[in-house]
Amino acid sequence: MTNETIKAIATSLANIGKELNELSKSILDASEEQVKAAPVEDAAQKESIKPKPKPKEPKEPKEPKETKEPKTIKPVSAPVKKSKKQKIEKKKKLVKKTKEPTVLDRVYKVIKRSRKGATVEKIQEATKLDKKQISNSLYKLTKKGLVKTVSRGIYVATDE
């Protein structure tokens, strides 16, 4: 930009500023005239103008609630001991039966087939799973009681 254009812009901005000042003064003058022309109310008149609160309507009486019959307490029987067959059935149910065998199913199947026990390497070869997945599944199977550790790294299915 040249100096002439900058000066032209500065003078036009100064003119705009002056016009804004004149407009704001005229607005102030007009608002002062309106305030003077409005009637002055005293405090007593202001209170009489306030809307009076509506009287509260009486509430309809509520219908009585139906009382519930007290719950009857059932006698507690002694726990029944389960036979070995029932325990085995329960453990078999812990491993989910789905169309596709789960990781736990696959690992358990490999361990169950081995007579002397299965190592992590043998399970990994048979299932094609990561060592971490095998480790997690062995942990879960031992917690469920389906597998026990014979020695370090050798796992056997329990007979129960």
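Laid out as a table, the results:
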{"read-out": "Residues (within 20 Å of residue 88 (Cα to Cα) and surrounded by fewer than 12 Cβ atoms within 10 Å (Cβ to Cβ)) located in the stretch 107-129", "value": "113, 115"}
{"read-out": "Residues of the stretch 127-153 satisfying the condition of being farther than 30 Å from residue 83 by Cβ and in contact with a strand residue (DSSP E or B) (Cβ under 8 Å, 6 or more places away or on another chain)", "value": "153"}
{"read-out": "Residues being buried (at least 16 other Cβ atoms within 10 Å of the Cβ) and either touching a Leu at 6+ places or on another chain (Cβ under 8 Å) or more than 16 Å from residue 109 (Cβ to Cβ) (or both) - total across the stretch 130-147", "value": "5"}
{"read-out": "Enumeration of residues in the stretch 89-126 that are at pLDDT 90 or above, hydroxyl-bearing (Ser, Thr, Tyr) and more than 12 Å from residue 157 (Cβ to Cβ)", "value": "119"}
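The values are calculated or read from the model by the stated rules, or taken from the named source; none is laboratory data. In this text the structure is predicted, and so the values were computed from the model without any measurement. Backbone-built Cβ (ideal geometry, glycine too); neighbour counts: all protein chains shown.
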